[in-house]
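The values are calculated or read from the model by the stated rules, or taken from the named source; none is laboratory data. Given the structure is predicted, the values throughout are model-derived calculations rather than measurements. All Cβ positions, glycine included, derive from the backbone under ideal geometry; neighbour counts span all protein chains shown. Side chains included, ligands, DNA and RNA excluded: accessible areas come from the protein's heavy atoms. Shrake-Rupley method; radii C 1.70, N 1.55, O 1.52, S 1.80 Å.
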Amino acid sequence: GAVVSQHPSRVICKSGTSVKIECRSLDFQATTMFWYRQFPKQSLMLMATSNEGSKATYEQGVEKDKFLINHASLTLSTLTVTSAHPEDSSFYICSAKRPGGPYEQYFGPGTRLTVT
Amino acid sequence: AQSVTQLDSQVPVFEEAPVELRCNYSSSVSVYLFWYVQYPNQGLQLLLKYLSGSTLVKGINGFEAEFNKSQTSFHLRKPSVHISDTAEYFCAVTSARSNDYKLSFGAGTTVTVRA
């Protein structure tokens, strides 16, 4: 099966600092990756679509200068939360789409970000 | 645009009893439908998906779902639940005609299985 990893699984940072979250597809090349945000007891909200070698496409209302997404290779996408604030504390989940074949997104285990 | 409504926010159920989680979708075009399960502090795991063909879809862990186009529904069922089925369940939809592969998720249903 397809495996997607995220690192770190948990991170605590101080307000005003930046934090980077990595999303890797371990056994397939993902031309498209997605970043979601999930608040406690709520559903997943799509933040952006990350395409390898091009700029990410952000959903309406998501600040692209605050949530920097880089998809530098076919197996790695990163989300950097810049100048973090306590309201950025959330569970961030990435997913990757395997090119071709039956449509399916494979989800990472998530990263719990706490901004103090 | 597509949207999903999960009709039950919480479903308590006794072990070995059947369970049904209801999902209705809205779309002006044909769709692909998915059910995912999320255990605490984890990512999502695909239970099953409907892309085309037979409207009764069988997934992992004994789950199945039926696609009903006339009622725009995709309800998830399991005939006999286990304690380990306690989790959050999400229904999701995407357009079958779009190349953006974006998923729209329902609000989720919390299933709590009691002995």
(request) Starting from residues that are open to solvent by 40 Å² or more (accessible area, probe 1.4 Å) and in a strand (DSSP E or B), keep the ones in region A:62-72 and report whichever is nearest to residue A:14 (Cα to Cα). (result) A:68
(request) Take the residues in region B:28-40 that are open to solvent by 40 Å² or more (accessible area, probe 1.4 Å) and touching a Ser or Thr at 6+ places or on another chain (Cβ under 8 Å), then tell me which one is nearest to the other protein chains (Cβ to nearest Cβ). (result) B:32
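The rows are residues; the columns are (1) in a strand (DSSP E or B); (2) more than 14 Å from chain B (Cβ to nearest Cβ); (3) open to solvent by 10 Å² or more (accessible area, probe 1.4 Å); (4) touching a helix residue (DSSP H, G or I) at 6+ places or on another chain (Cβ under 9 Å).
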| residue | (1), (2), (3), (4) |
| --- | --- |
| A:84 | no, yes, no, no |
| A:95 | yes, no, no, no |
| A:106 | yes, no, yes, no |
| A:114 | yes, no, yes, yes |
(message) Given the options B:108, B:53, B:43, name the one that is in contact with an Asp or Glu (Cβ under 6 Å, 6 or more places away or on another chain), within 12 Å of chain A (Cβ to nearest Cβ) and not polar (S, T, N, Q).
(response) B:108
(request) Would you mind stating whether residue B:103 is within 14 Å of another protein chain (Cβ to nearest Cβ), over 12 Å from the mean Cα position of the chain (by Cα), open to solvent by less than 40 Å² (accessible area, probe 1.4 Å) and closer than 21 Å to residue A:103 by Cβ? (result) yes
(message) With in contact with a Phe, Trp or Tyr (Cβ under 6 Å, 6 or more places away or on another chain) and either over 18 Å from residue A:85 (Cα atoms) or without any contact (Cβ under 8 Å) to a residue 40 or more places away in the chain (or both) as the only criterion, which of A:32, A:49, A:57 stands out?
(response) A:49
(request) Working carefully through the options B:84, B:70, B:95, find the one that is among the hydroxyl-bearing types (Ser, Thr, Tyr), more than 15 Å from the chain's Cα centre (by Cα), surrounded by fewer than 12 Cβ atoms within 10 Å (Cβ to Cβ) and more than 27 Å from residue A:40 (Cβ to Cβ). (result) B:70
(request) Just need a number here: residues in region B:53-67 that are aromatic (Phe, Trp, Tyr) and either surrounded by fewer than 17 Cβ atoms within 10 Å (Cβ to Cβ) or more than 12 Å from the chain's Cα centre (by Cα) (or both). (result) 0
(request) List the strands (runs of 3 or more DSSP E) that sit entirely inside region B:63-106 and contain at least 3 residues that are touching a Gly at 6+ places or on another chain (Cβ under 9 Å). (result) B:87-95
